[in-house]
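Read the structure below first, then the notes.
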Amino acid sequence: MTKFIFVAGGVISGVGKGVATASIGKILQSKGFRVSAAKIDPYINVDAGTLNPLEHGEVFVTSDGTECDQDIGNYERFLDQDFGSANYLTTGRVYQAVINRERNLGYNGKTVEVVLHIPEEVISRLQLAAEKDKADFLLVEVGGTVGDYQNLLFLEAARMMKRRMPDQVLFVLVTYLPVPENIGEMKTKPTQHAVRALNSAGIQPDIIIARAKVPVDKPRKQKISDFCNVDADDVISAPDVASIYEIPINFENDNLGNRILKKFGLEQREKDLKEWEKLVKKIQAPKETVHIGIVGKYFEIGDFTLMDSYLSVIESIKHAAWANGREPKITWLSAEQYEKNSGALQELKQYDGIIVPGGFGIRGIEGKIKAIQFCREKKIPYFGLCLGMQLAVIEFARNVCGLKDATSTEFVKDSKTPVIDVMPDQKVLLEEKRYGGTMRLGAYPCKVNKKTIAYRAYGKEDIVERHRHRYELNNKYREVLASKGMVMSGVNAERDLVEIAELKEHPFFLGTQFHPELQSRPLRPHPLFREFIKACVTKRSH
Ligand code: GLN
């Protein structure tokens with residue numbers, strides 16, 4: 001019988017619910033249980049695919065092609081497991097299913113109502129996810145903050161599950177305890193209010209994870225215990241950490257795993273977090289840096305720089321840097337500055353390597369192309385991810401093959417030199433404005449050619465990588481690109497699509513049509529990122 005652990009957030013958004021959820025999963029997994037996780041997003045969007053990354057962060061893509069929340073990426077990285085559509089719920093998905101069923105007479109003429117039909121649909125979806133993954137524990141992260149209007153029906157579903165199977169459901173509240181500078185003391189009041197808000201939804205938290213700048217001390221644990229109806233031992237200290245990968249270990253310092261087992265009436269179990277602890281030691285060890293510049297456009301909101309849009313890219317760089325014994329340092333470079341001022345390109349020399357990640361639309365394109373040209377000519381290691389690969393092809397076509405107006409039909413619809421062109425099946429979808437969930441999505445096989453950088457990295461010919469794009473390298477230009485030295489080092493055989501392109505006589509110049517960052521795991525860095533960082537490190541030591 002699966003046990004369900006609901007994780008909700010209180011006080012503020014962004015307290016790290018996703019990572020807390022993933023960490024609880026990691027601990028239970030380390031005790032030998034089968035763990036799965038589900039994310040509930042309270043928005044009406046059916047999936048994250050149409051959301052502006054500046055608003056909601058990265059769109060993560062699973063193997064089965066679900067465009068979902070970045071937290072699914074956290075679950076995959078922590079648990080080293082693949083998830084999919086069944087592990088992702090949104091208000092939109094739930095309502096869409098209920099409405100479709102009603103239209104098909106699936107409710108036999110009954111009046112279909114928000115309560116109970118919506119929570120019932122949520123419950124049955126969670127149960128399906130648990131069954132699919134044959135989970136001993138299903139962690140369910142409820143998006144938003146308690147007290148929000150948007151997630152009430154999900155909390156209602158959770159409350160109903162607890163009533164129906166009291167021994168199989170547990171509630172964790174992740175809250176935030178501020179330490180206002182002028183007071184200099186950690187305050188528990190917002191947490192008390194968050195618990196009240198949860199209580200008013202009919203839910204009593206069993207465990208409170210207390211996020212704060214510093215560890216929560218005994219008197220405050222006691223205070224939370226007194227005011228919030230939990231044992232002081234069930235208040236888990238969660239101070240800020242340098243690396244998110246320390247969190248499972250921190251939770252275990254407060255004995256979280258066995259507290260959970262106890263609440264479910266299960267026997268206490270030893271954990272095996274040895275590999276994980278080794279990783280954390282490696283992360284904490286002092287070491288030289290490797291400095292990577294990311295040329296992108298989804299990171300400036302007002303006066304703040306947000307890194308969420310490229311979360312998996314950042315994590316992949318970290319995994320690979322640690323594997324190469326380096327401390328990663330990442331700098332955000334705005335593509336548009338290179339359009340206004342070519343002189344600014346000189347700054348690229350300061351970096352050990354440059355990445356152009358995925359992206360959509362024409363803004364910033366010419367700046368990125370200039371940056372890529374600079375990397376190619378000055379032999380700075382370059383790694384292009386999806387759009388970054390397409391732009392590397394465009395740059396090469398323009399400046400090496402002499403195809404001066406080479407571009408992608410994403411930017412110039414009726415281009416005479418479309419070296420990157422829309423896939424034929426995608427053309428129809430775009431014309432009919434069918435944008436949602438219709439890109440080339442999810443995992444596809446790719447054949448890697450021997451004697452290439454890609455083969456050196458992977459060490460094998462058959463790989464599977466995840467995609468999210470509508471455009472691709474136009475096969476009409478393959479010959480001319482190849483004749484000037486571009487190597488098509490990976491191809492999808494079924495549709496004859498170029499998936500990896502690279503250049504010789506360069507420390508590292510490679511682009512992938514797929515998104516390797518989606519499959520990098522802390523204990524298994526992605527081979528291409530590992531190889532890229534290796535080249536960055538080698539270049540610097542010359
Ligand atoms: N906009 C490009 C395409 O649709 C690249 C997409 C991406 O970088 N994910 O093909």
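The values are calculated or read from the model by the stated rules, or taken from the named source; none is laboratory data. What you see is a predicted model; the values in this text were computed from it and never measured. Cβ coordinates were reconstructed from backbone atoms using ideal geometry, including for glycine residues, and neighbour counts include every protein chain displayed.
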Name every residue in segment 254-279 that is under 10 Å from LEU28 (Cα atoms) and without any contact (Cβ under 8 Å) to a residue 12 or more places away in the chain, in order of residue number.
-> ASN258
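Here is a yes/no grid of residues against (1) touching a helix residue (DSSP H, G or I) at 6+ places or on another chain (Cβ under 8 Å); (2) buried (at least 20 other Cβ atoms within 10 Å of the Cβ); (3) modelled with pLDDT under 95; (4) β-branched (Val, Ile, Thr):
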residue	(1), (2), (3), (4)
LYS413	no, no, yes, no
PRO424	no, no, yes, no
THR438	yes, no, yes, yes
VAL448	yes, yes, no, yes
GLY459	yes, no, no, no
GLU465	yes, yes, no, no
VAL480	yes, no, no, yes
SER483	no, no, no, no
VAL487	no, no, no, yes
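Return a yes/no flag: does segment 378-388 have any residue that is among the aromatic types (Phe, Trp, Tyr) and closer than 26 Å to ALA535 by Cβ. Spell out the reasoning first.
Quick first cut of segment 378-388, residues among the aromatic types (Phe, Trp, Tyr) only: 382-383.
From the residues that got through so far, the ones that are closer than 26 Å to ALA535 by Cβ too are 382-383.
Yes, segment 378-388 contains a residue that is among the aromatic types (Phe, Trp, Tyr) and closer than 26 Å to ALA535 by Cβ.
Applying the selection to segment 330-361, what residues are in a strand (DSSP E or B) and surrounded by 15 or more Cβ atoms within 10 Å (Cβ to Cβ)? Before the answer, list the steps.
Let us first name the residues in segment 330-361 that are in a strand (DSSP E or B), namely 330-334, 353-356.
Once the filter is applied, which keeps residues that are in a strand (DSSP E or B) and surrounded by 15 or more Cβ atoms within 10 Å (Cβ to Cβ), segment 330-361 yields ILE330, TRP332, LEU333, SER334, GLY353, ILE354, ILE355, VAL356.
Any residue at all in segment 403-424 that's among the aliphatic types (A, V, I, L, M), touching a strand residue (DSSP E or B) at 6+ places or on another chain (Cβ under 9 Å) and away from the ligand (no atom under 16 Å from the Cβ)? Spell out the reasoning first.
Here is the first cut: in segment 403-424, the residues among the aliphatic types (A, V, I, L, M) are 403, 406, 412, 419-420, 422-423.
Filter again for touching a strand residue (DSSP E or B) at 6+ places or on another chain (Cβ under 9 Å), leaving 403, 406, 412, 419-420, 422-423.
Filter once more, so that each one left must be away from the ligand (no atom under 16 Å from the Cβ): 403.
Yes.
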Take ILE236 and decide whether it is crowded, with 16+ Cβ neighbours inside 10 Å and at pLDDT below 95.
-> yes
Taking LEU528, is it touching a strand residue (DSSP E or B) at 6+ places or on another chain (Cβ under 8 Å), under 21 Å from VAL61 (Cα atoms), in a strand (DSSP E or B) and within 16 Å of the ligand (Cβ to nearest atom)?
-> no
ASP41 being acidic (Asp, Glu), without any contact (Cβ under 8 Å) to a residue 60 or more places away in the chain and in contact with a helix residue (DSSP H, G or I) (Cβ under 8 Å, 6 or more places away or on another chain) | no
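Look at TYR455 and say whether it is among the hydroxyl-bearing types (Ser, Thr, Tyr), surrounded by fewer than 20 Cβ atoms within 10 Å (Cβ to Cβ) and modelled with pLDDT of 95 or more. Walk me through it before giving the result.
On the way: among the hydroxyl-bearing types (Ser, Thr, Tyr): yes; surrounded by fewer than 20 Cβ atoms within 10 Å (Cβ to Cβ): yes; modelled with pLDDT of 95 or more: yes.
So TYR455 fits the description; yes.
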Could you check GLU58 against (1) of a type outside the set (Lys, Arg); (2) at pLDDT 95 or above; (3) under 12 Å from the mean Cα position of the chain (by Cα) and say which number it fails?
-> (2)
Residue check, GLY364 within 16 Å of the ligand (Cβ to nearest atom), at positive phi and crowded, with 16+ Cβ neighbours inside 10 Å = yes
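Restricting attention to segment 396-420, report how many residues are closer than 23 Å to ARG376 by Cα, within 34 Å of the chain's Cα centre (by Cα) and not aliphatic (A, V, I, L, M). Working first, answer last.
Of the residues in segment 396-420, the ones closer than 23 Å to ARG376 by Cα are 396-408, 411, 417-420.
Remaining after also requiring within 34 Å of the chain's Cα centre (by Cα): 396-398, 406-408, 411, 418-420.
After this cut, where a residue has to be not aliphatic (A, V, I, L, M) as well, the list is 396, 398, 407-408, 411, 418.
Here the count works out to 6.
Which of the residues spanning segment 459-489 are part of a strand (DSSP E or B) and more than 16 Å from the ligand (Cβ to nearest atom)?
Filtering segment 459-489 down to residues part of a strand (DSSP E or B) leaves 462-469, 471-473, 486-489.
If the condition is that a residue be part of a strand (DSSP E or B) and more than 16 Å from the ligand (Cβ to nearest atom), then ASP462, ILE463, VAL464, MET486, VAL487, MET488, SER489 are the ones that fit.
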Mind listing whichever residues of segment 388-400 are over 21 Å from ALA320 (Cα atoms) and either within 12 Å of the ligand (Cβ to nearest atom) or in a helix (DSSP H, G or I) (or both)?
-> GLN390, LEU391, ALA392, VAL393, ILE394, GLU395, PHE396, ALA397, ARG398, ASN399
